[in-house]
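One structure below.
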Amino acid sequence: MLQTMKKGFTLIELLVVITIIGILATGAVTTFTTQIQKARDTTRISDQKALTTGVEQFYQDTSTYPQGARDWTSGASTLVTNYVPSLAEDPKHNQTCNGSRCGYVYRVAADSVGIVQGAYELSIAFENQGNVTSKAVNTADNGNDAARLEHGSGLPTNSLATASPQTTAFLDVNITAPANTAAIIVIKKGAIATK
């Protein structure tokens, strides 16, 4: 009699293949997550440039930087939203980004020689740690918060970030009074929140 052999894989062979697939999938997910973070960080940089351009155009027309929600959305004759019609919002607004809070923060204060509304800072937080260490460090952006990328006038001599509100949760309060001139503004789509 002839003996026939059954064709198939042994349990050990199947476990080895499943383990290899699991290792490869873990590496792919990690790489994919990093690329998504970098893409969101690129969006943040682009939004920051657009907002900075709007703030500088506002300055060219009014000789002061915008102060508070009044100059951003309503209550003033010249508005930042005239120059930046669509206010950007951080892709992960108010979530944690490398120890800081995700969100676009704008601050205005007197500059180093005492000119009221003569200095401003617009800062963003990065998700990807590589961007934090290469772009947000104080030596790279002349700011004073190592966790956020800061652009603005008067850097590094201004002291706008000494209160460091970005390390705590943003208090997102919609502006109801157009005369509000709070110095720290969190930029969100459809609303400006002050702190």
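Ordering Tyr65, Tyr104 by the number of other Cβ atoms within 10 Å of each residue's own Cβ, fewest first, gives Tyr104, Tyr65. Residues whose amide H lies under 5 Å from that of Gly118, counting only those 5 or more places away or on a different chain, are Ala109, Ala110, Asp111; hydrogens are built 1.01 Å from N in the peptide plane.
No lab work stands behind these numbers, since they all come straight from the coordinates. Since the structure is predicted, the reported quantities are computational estimates derived from the model, not experimental observations. Neighbour counts are summed over all protein chains in view; Cβ atoms, including those assigned to glycine, are modelled from backbone coordinates with ideal geometry.
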